[in-house]
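Novice: First the structure, then my questions, so here it is.
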2 protein chains.
Amino acid sequence: MRALYLADGQLTYRTDYEKPVLQAGEALIRIQLAGICSTDLEMAKGYVPEFRGVLGHEFVGIVVAAADSADADWVGRRVVGTINLGCGRCAVCLSDGPEHCPHRTVLGIHDRDGVFADYTALPVGNLLPVPDGMPDETAVFTEPFAAALRIREQVAVRPTAKTAVVGPGRLGLLVGLSLSLSGTDVTMLGRRASSLELPAQYGLKTGLVDDFADDSFDFVVEATGNEAGFAQSLQLVRPLGTLILKSTFAGNANINLTKLVVAEINVIGSRCGPFAPALRVLAAGRLDPRPFIDGEYPLDDALAAFEHAARPGVRKILIRP
Amino acid sequence: MRALYLADGQLTYRTDYEKPVLQAGEALIRIQLAGICSTDLEMAKGYVPEFRGVLGHEFVGIVVAAADSADADWVGRRVVGTINLGCGRCAVCLSDGPEHCPHRTVLGIHDRDGVFADYTALPVGNLLPVPDGMPDETAVFTEPFAAALRIREQVAVRPTAKTAVVGPGRLGLLVGLSLSLSGTDVTMLGRRASSLELPAQYGLKTGLVDDFADDSFDFVVEATGNEAGFAQSLQLVRPLGTLILKSTFAGNANINLTKLVVAEINVIGSRCGPFAPALRVLAAGRLDPRPFIDGEYPLDDALAAFEHAARPGVRKILIRP
């Protein structure tokens with residue numbers, strides 16, 4: 001099959017990649033549409049040198065086969081899928097689920113082939129049916145929107161909290177929209193005026209982060225994907241406030257621990273989120289993510305899709321096999 | 001009066017310092033006993049160059065005068081005192097109290113003379129009577145023990161949480177003891193075996209931090225006062241775990257944000273705490289802090305006291321005017 005393959009930090013488009021061989025409990029999924037996110041771009045830059053395999057983890061697809069006959073009713077369904085696969089036996093899996101299992105594999109990220117290909121495989125336990133009538137172009141946002149909703153599983157998002165999101169990109173804007181769903185006042189902060197146009201169209205407040213002197217935000221989300229983002233975000237948050245780290249980028253950052261301690265800031269790392277509520281919000285039409293789409297490429301042009309996705313200010317680039 | 005005075009990063013012992021002039025609502029307190037903490041040592045090194053005044057904020061004393069006749073019944077009482085003085089009018093004071101008021105002064109730390117002197121002054125609203133029968137040598141630990149208890153105001157300390165405190169020094173050991181009060185399993189980690197003797201005498205588990213490979217702690221407190229402490233503490237904490245920052249040291253630290261985000265760690269800065277519960281624990285005899293005391297100096301020898309307190313492994317040095 002066709003696949004976008006990463007090895008030794010080198011991305012190659014292949015037509016000879018072996019189709020997934022199903023393990024017990026798994027389903028074979030034909031990819032309908034897949035999305036490129038910042039993690040994919042970081043990996044393509046070589047930041048996860050140990051990964052060898054098919055990249056990609058945001059997708060919507062059709063189940064075309066199931067390993068177990070008991071799962072035959074999945075065949076033909078349109079699905080999205082959660083991306084973490086735990087061992088299911090360790091204390092972490094049993095108490096917290098697969099997301100933090102030390103033995104986990106992660107679709108297209110860690111020890112498991114991903115979705116920039118004709119087919120992928122996942123256990124049926126990772127799959128969720130996509131509601132009828134939801135366009136593929138909406139369903140493909142389930143994974144990143146679930147990641148945005150993860151924040152609301154970790155802390156109470158008060159509707160009265162003065163909130164800022166630093167980094168109005170592909171994930172940051174989804175975060176801002178998710179936080180605004182229940183009435184919270186959200187300001188999207190970016191480095192370029194052009195990056196604030198879409199947030200403003202969605203009705204969010206906007207501002208340029210570099211000349212933004214307000215340090216009275218109750219709640220700040222760092223979603224820039226760059227090292228400067230942490231310091232900028234920490235400056236915005238008020239004493240006793242909360243700072244959510246939503247960027248997953250490789251490397252260290254130089255942090256002012258003095259403010260963190262003296263102002264008693266609460267910093268919370270945040271990663272993968274719950275799919276079912278994400279599908280409910282998208283199905284209810286409370287959020288239409290399709291204006292995020294800046295381009296769609298056939299799988300054959302996946303390398304060009306990556307180049308496009310890496311340009312500054314670009315939000316979602318889709319790949320259609 | 002006599003006072004240990006700090007200006008331009010230079011500590012001087014003075015005998016000609018003006019006795020505090022009481023403002024409305026304030027009490028004049030004759031210092032009975034005062035303690036040196038790491039913040040004092042950092043300030044004496046010049047890390048808060050803007051501070052000019054009498055150093056010190058841990059004390060027990062006797063009220064000898066009150067500015068307002070309505071407060072006359074305070075005179076003669078033995079007291080400890082909270083160290084933050086807010087404006088009492090801003091939104092922060094009204095919602096969160098004085099600890100984070102942007103206009104606050106802090107006893108011996110920020111814009112207000114402290115307690116390494118014959119006398120200090122505080123509003124009576126900052127004072128708490130010391131229970132009869134509590135030795136001065138115990139009461140003088142109220143402020144740092146309150147700081148340790150602050151953690152329990154910020155997060156639920158589960159008795160089943162596997163807990164580590166990195167840095168078994170003057171504050172870290174109080175933190176470890178405070179966390180163990182309700183049955184939580186606490187391991188104190190230090191860089192030198194000698195620093196672990198007192199924690200072991202108190203019945204806490206101990207370990208050398210440098211060869212401690214366990215990364216499964218639910219709850220970790222960083223109390224080292226040095227930059228390496230953050231990285232060491234972050235290594236120990238399990239995914240979805242909590243890391244409390246209790247060190248207040250000046251400067252930045254190089255932080256591995258990848259683990260913070262991927263493992264969804266919760267990092268919480270923690271500063272000043274509640275005095276009333278601290279006095280209750282000390283009065284009930286649930287914790288005897290007197291084994292922390294490594295030396296006591298008369299006020300005339302305050303400079304020697306500081307030299308002693310700065311030596312590695314030394315916990316509490318007291319100053320008696």
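Novice: Distances in nm, one decimal, shortest first, from A:Gly125 to the same residue in every other copy, taking the label point 7 angstrom along Cα→Cβ.
Specialist: 5.7
Novice: Mind checking the angle between helix B:170-180 and chain B's longest principal axis? C-alpha axes, 0 to 90 degrees, to the nearest 10.
Specialist: Helix B:170-180 sits roughly 60 degrees off the main axis of chain B.
Novice: I'd like the distance separating the alpha-carbon centroids of the stretch A:17-39 and the stretch A:43-96, in whole Å.
Specialist: Result: 7 Å between the Cα centres.
Novice: So, one more: In peptide A:87-100, what is the residue-averaged number of other protein chain Cβ atoms found within 10 Å of each Cβ?
Specialist: Across A:87-100, the average partner-chain Cβ count within 10 Å equals 2.
Novice: Now a separate question. Below 8 Å between Cα atoms, with a sequence gap of 6+, how large is the relative contact order for chain B in percent?
Specialist: About 18 percent, as a whole number.
Novice: Can you list the equivalent-ellipsoid semi-axes of the stretch A:77-170, largest first and in whole Å, using the square root of 5 times each Cα gyration tensor eigenvalue?
Specialist: Square roots of five times the eigenvalues give 25, 21, 13 Å.
Novice: Please identify the GluC sites (Glu not before Pro) of the stretch A:25-71 that satisfy two criteria: DSSP loop assignment and at most 11 other Cβ atoms within 10 Å. Which are they?
Specialist: Sparse-neighbourhood loop GluC sites (Glu not before Pro): A:Glu50.
Novice: Let me ask you something else. Structure shown: which of B:Lys45/B:Lys205; B:Lys246/B:Lys316; A:Lys162/A:Lys316 lie over 25 Å apart, alpha-carbon to alpha-carbon?
Specialist: B:Lys45/B:Lys205; A:Lys162/A:Lys316
Novice: Mind giving me the nanometre distance, one decimal, between the label points for B:Asp210 and B:Leu181, set 7 Å out from Cα along Cα→Cβ?
Specialist: Reported label-point gap for B:Asp210 and B:Leu181 is 3.5 nm.
Novice: Mean separation of Cα pairs under 8 Å and 6+ residues apart, divided by the residue count of the stretch B:147-269: what relative contact order is that in percent? Intermediate results must be reported in sequence, preceding the final value.
Specialist: Numbers: 238 pairs, mean separation 27.0, N = 123.
Computed value for the stretch B:147-269: 22 percent relative contact order.
Novice: Considering amide H positions built from the backbone, and no H for Pro or chain starts, which residues 5 or more places from B:Asp113, or on another chain, come under 5 Å of its amide H?
Specialist: Those lying under 5 Å, H to H, from B:Asp113 are B:Val54, B:Gly108.
Novice: May I pose another question? Using a 10 Å cut-off on Cβ atoms, rank the peptides A:31-37, A:222-228, A:275-281, B:177-183 from the highest mean neighbour count down.
Specialist: Order by mean packing, descending: A:31-37, A:222-228, B:177-183, A:275-281.
Novice: Of all DSSP beta bridges located in chain A, what percent are antiparallel, nearest 5?
Specialist: Once the DSSP bridges in chain A are tallied, antiparallel ones form about 55 percent.
Novice: When the Cα centres of the stretch A:166-222 and the stretch B:105-134 are compared, how far apart do they sit, in Å?
Specialist: 44 Å
Novice: So, one more: Counting helices only, and only those DSSP H runs with n ≥ 4, report the 222 nm mean residue ellipticity of chain B as the sum of -39,500 (n - 2.57) divided by its residues, in deg cm²/dmol to the nearest 500.
Specialist: For chain B, the value works out to -6500 deg cm²/dmol.
Novice: From the phi of every residue in the stretch B:211-224, what ³J(HN,Hα) in whole Hz does the Karplus formula 6.51 cos²θ - 1.76 cosθ + 1.60 yield, where θ is phi - 60° and glycine or proline is x?
Specialist: Rounded to whole hertz, the list is 10, 9, 8, 5, 10, 10, 6, 5, 9, 10, 10, 8, 9, 8.
Novice: Run the label-point distances for B:Tyr47 please: 7 Å along Cα to Cβ, every other copy, nanometres, shortest first.
Specialist: For B:Tyr47, the other copies' label points sit at 3.1 nm, shortest first.
Novice: Per-residue Cβ counts within 10 Å, from other chains only, averaged over A:267-275: what number is that?
Specialist: 5
Novice: Same structure again: Do any trypsin sites (Lys or Arg not before Pro) in the stretch B:174-230 lie in a DSSP loop with no more than 16 other beta carbon atoms within 10 Å, and if so, which?
Specialist: Taking the stretch B:174-230 and a limit of 16 other Cβ atoms within 10 Å, the loop trypsin sites (Lys or Arg not before Pro) found are B:Arg192.
Novice: Something else now. What are the residues whose amide H is under 5 Å from the amide H of A:Gly241, where those residues sit 5 or more places off or on another chain and H is modelled from the backbone?
Specialist: A:Asn266
Novice: Continuing with this model, one more query. Hey, can you rank B:292-299, B:108-115, A:116-123 by average C-beta count inside 10 Å, highest first?
Specialist: Working: B:292-299: 17.0, B:108-115: 22.6, A:116-123: 24.1.
So the order, starting with the most tightly packed, is A:116-123, B:108-115, B:292-299.
Novice: Same structure, new question: Under a Cβ-Cβ cut-off of 14 Å, what is the net charge of the residues other than A:Leu6 that fall near it, where Lys and Arg count +1 and Asp and Glu count -1?
Specialist: Spelling it out: positives minus negatives among the neighbours equals -2.
Every read-out reported here was derived from the displayed coordinates using simple, explicitly stated rules and does not represent laboratory data. Please read these numbers as outputs of a predicted model, since none were measured by experiment. Neighbour counts run over all protein chains shown; Cβ positions are idealised from the backbone, glycine included.
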